[in-house]
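FYI, it's all coordinate maths here, none of it is from the lab. Bear in mind that the values here come from a model prediction, so they are computed numbers and not experimental data. Here the Cβ positions follow ideal geometry from the backbone for every residue, glycine too, while neighbour counts run over all protein chains shown.
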Amino acid sequence: MKHFPIFMALEGRRVVVSGGGEAALAKLRLLLKTEANLTVVASDPAPEIVTWAAEGRLTLIARAMEAGDAVCARLFYAANEDDAEDARVADLANREGALVNIVDNLEDSQFITPAMVDRDPVVVAIGTEGAAPVLARAIKKDIEERLSPRLGLMARIGKAFRTKAEALPFGVKRREFWAEYYAKDIATSEDAETTLDALLDKHLSAHAKEGRVELVGAGPGDPELLTLKARKALDEADVVIYDRLVAPEILELARREAIMLSAGKEGFGPSVTQDAINEMIVSHARNGSHVVRLKSGDPTVFGRLDEEIEACEASGVAWSIVPGITSASAAVAALGQSFTKRGRNSGVRFITGHDTKGFADHDWKTLARAGEVAAIYMGKKSARFIQGRLLMHGADALTQVTVIENASRPDQRILATTLGELEPTLTQANLTGPALVFLGLAPRAALNAAQQHELETAI
Ligand code: SAH
C-alpha cells in the first residue's frame, strides 16, 4: 500500500485550490461538502466559482497564484490543467507547508483524493493508487446501489439516539439492537424517534426476559452477614436453589413469589447429584428465570462452583458470582482472633477434611510446623485422621485447636482443645451443626471463661 487512507478533519481549516476551470470545479464540488474554509485562486474563474464566492461559500482571489496565498493551508490543489503552472503553484504551496495534490499527476502529488460514496456521516472512500480508475468507478457504482440513500440520515438519527441505547448492556445486546435498526432501514425522519423507542423497548424487554444465574454467597448463617448484593439478588429472584446449610432466616428473605428449591446437599454430601443440580439451574434460567443459586458462606470456597459455571456456559446461560462471608471468617471473629499475626504466621490455609475421594490428603509436614494456622472445613468426620496425620508428622500434641460449630448463629458453640485432645473431645461433644476445626488458634484469653463453660457443658 503506497497510500494510506485516512479521514482528515477539515472543519474550519484552510484549503486552497489554484485554478478556475473544469478540474478545479470537480474538486470544489467535493470540497464544498466539507466544513473547510475554502479559497480559490484563479485569474479566470468559471461562473459557478464566482457564484459560490458571492454566496459566501468560498473566498475567491481573482488572479494568478502568488507566494503567501497558501499560508496556513492544510491542503492545496493545483488544478490549472497546465503542467507548468501547476508545477509553479505546487512549489509555492509546498514551501508554505500545505499538503499538495496536483490534479491528474499522481507522481508529483503528496496525497490523492479517493472515489467516494457519500452518505454523510458515512463515507466510503475507494482508492486504486491510480492503477485502475475504471475499477474504482465500478466499485463506487456497486456500493452506491447497495447502500440505502437514507443511510446518512439513519446514521445521524442513530447518533442522536446513542445515549438512550445505553439502557441496553454494552456488547452483544447493544450490537443486536443497532444491527436490527440498520438492517431494517426503518428510519424516516419524522417518526424516527418513535420507531427507535419502540425498537429499543422490544430489545429491552427481550433482554429482561432472558434468564440468568447468580451464584450467591449466603454467608455463615447470621442474616446480617449477608452482602447488600445478596439481599438484592434474593429480592429479585424468580427461583432460589439453595444448599441445606443455608440458614432458614436467610431463605425467608427471598421474594415471596420466588420458587424455592432445595439442592439438598451439605458440602460434599451426596443427596442430590451435582448433575441434577446443574440441570435444575440451567433449565430454569433457560425458561427465562432469574435464578439465584444460594450457597452457604462464600460460593468460591468448597462450593463446587466451577461445575455449575461450566454447566451455565455449556448452555449459553449468563452467570455471575456474588461473593459472601465464608464461615471461617465468622468463626475466627467469634474467637476474637485474627487469622494472621505478625511474628506468628504469614499465611493461612483453608483446607477440606474430605473430598469426593474420601479423607483429603494435604502437606502434613508443613501443617505440622509450630505457628501454622489452618481452617479445616468439613473436618468433623475426618478429625481423627487429621489428628493422626499431624502427630505422625511431628506436630506438638499441645498445639491449640478450636472447633466452632454453627458460627454466627444463635446456637454457636466454641470448643477450645489441643491437637492431642481433638479426639475424643469432638466425638464427645456430639456436634449436630456445621463445624470448622481451627488448627493453631485458640479463643482470645478474654473469651476463655465462656469457652470453659461451653466446653464443660459440651462434654
Ligand atoms: N462455602 C462455604 C463452605 C461450604 S463447605 C463457606 O464459605 O463457608 C461446608 C462446610 O463449611 C461445613 O462442613 C463446615 O465445615 C463449614 N461451615 C459452613 N457454615 C458453617 C458455620 N455456620 N459454622 C461453622 N462451619 C460452617
In terms of the alpha carbon gyration tensor, root eigenvalues a ≥ b ≥ c, rounded if a/c is under 1.5 and otherwise prolate when a/b exceeds b/c or oblate, the range 140-288 is prolate
Excluding residues fewer than 8 positions from Lys140 in its own chain, the lysines with Cα under 20 Å of it are Lys27, Lys33
To the nearest 0.05, the calculated FRET efficiency linking Ala183 and Ala138 through their beta-carbon distance, R0 being 22 Å, is 0.30
Applying the gyration tensor rule to the Cα atoms of the chain (axes a ≥ b ≥ c; rounded if a/c under 1.5, else prolate if a/b exceeds b/c, else oblate), the class is prolate
In cubic angstrom per residue, the convex hull of the range 212-325 built on its Cα atoms measures 80 Å³
Taking a ≥ b ≥ c as the square roots of the eigenvalues of the Cα gyration tensor, with a/c under 1.5 meaning rounded and otherwise prolate when a/b exceeds b/c and oblate if not, the range 151-205 is prolate
Note: Thr273 to Phe170 extended length (0.36 nm per residue) minus current alpha-carbon separation gives 33.4 nm
Taking every DSSP bridge whose two residues both lie in the range 331-451, the antiparallel percent to the nearest 5 is 80 percent
Scaled by the rule-of-thumb 2.2 N^0.38 Å, the alpha carbon Rg for the range 39-84 gives a ratio of 1.16
So Thr427 and Asp355, fully extended at 0.36 nm per residue minus their Cα-Cα distance, gain in nm 23.9 nm
Neighbours of Ala73 by Cβ distance under 9 Å: Lys/Arg at +1, Asp/Glu at -1, summed charge +1
Distance in Å, no decimals, from the C-alpha centre of the range 292-325 to the one of the range 1-51 is 62 Å
Sorted on mean Cβ neighbours within 10 Å (highest first), peptides 23-31, 37-45 come out as 37-45, 23-31
Bridge orientation stat for the chain from DSSP, antiparallel percent rounded to 5, came to 35 percent
re the range 14-113: pairs of Cα atoms spaced beyond 22 Å account for a percent value of 16 percent
The lysines whose Cα lies under 18 Å from the Cα of Lys173, excluding any fewer than 8 residues away in the same chain, are Lys159, Lys164, Lys184, Lys202, Lys209
About its Cα centre, the range 151-205 carries a charge dipole, from +1 on Lys and Arg Cβ atoms and -1 on Asp and Glu Cβ atoms, whose size in debye to the nearest 20 is 300 debye
Listed by chain and number, the aspartates and glutamates with an alpha carbon less than 15 angstrom from that of Lys365, same-chain partners under 8 positions apart left out, are Asp396
Counting only backbone N atoms under 18 Å from a point 7 Å out along Cα-to-Cβ of Glu307, the residues of the range 235-257 in range are 241-246
To the nearest 0.05, the calculated FRET efficiency linking Asp44 and Ala87 through their beta-carbon distance, R0 being 25 Å, is 0.85
Computed for the chain: size of charge dipole around the Cα centre, +1 on C-beta of each Lys and Arg, -1 on C-beta of each Asp and Glu, debye to nearest 20, value 1680 debye
Here the residues of the range 135-165 lying in the modelled label zone of His207, meaning backbone nitrogen under 18 Å from a point 7 Å along Cα-to-Cβ, are 158-165
At 10 °C in a medium of viscosity 1.306 mPa s, the range 331-451 has a Stokes-Einstein diffusion coefficient, with Rh taken as the Kirkwood radius over alpha carbon pairs, in µm² per second, of 111 µm²/s
For 160-172, 292-304, 276-288, ranked highest to lowest by mean beta-carbon neighbours within 10 Å, the order is 292-304, 276-288, 160-172
Charge tally for neighbours of Ala98 with beta carbon under 13 Å away, counting Lys, Arg as +1 and Asp, Glu as -1, is +1
In the neighbourhood of Ala258 defined by beta carbon distances under 12 Å, the net charge of the other residues (Lys, Arg +1; Asp, Glu -1) is -3
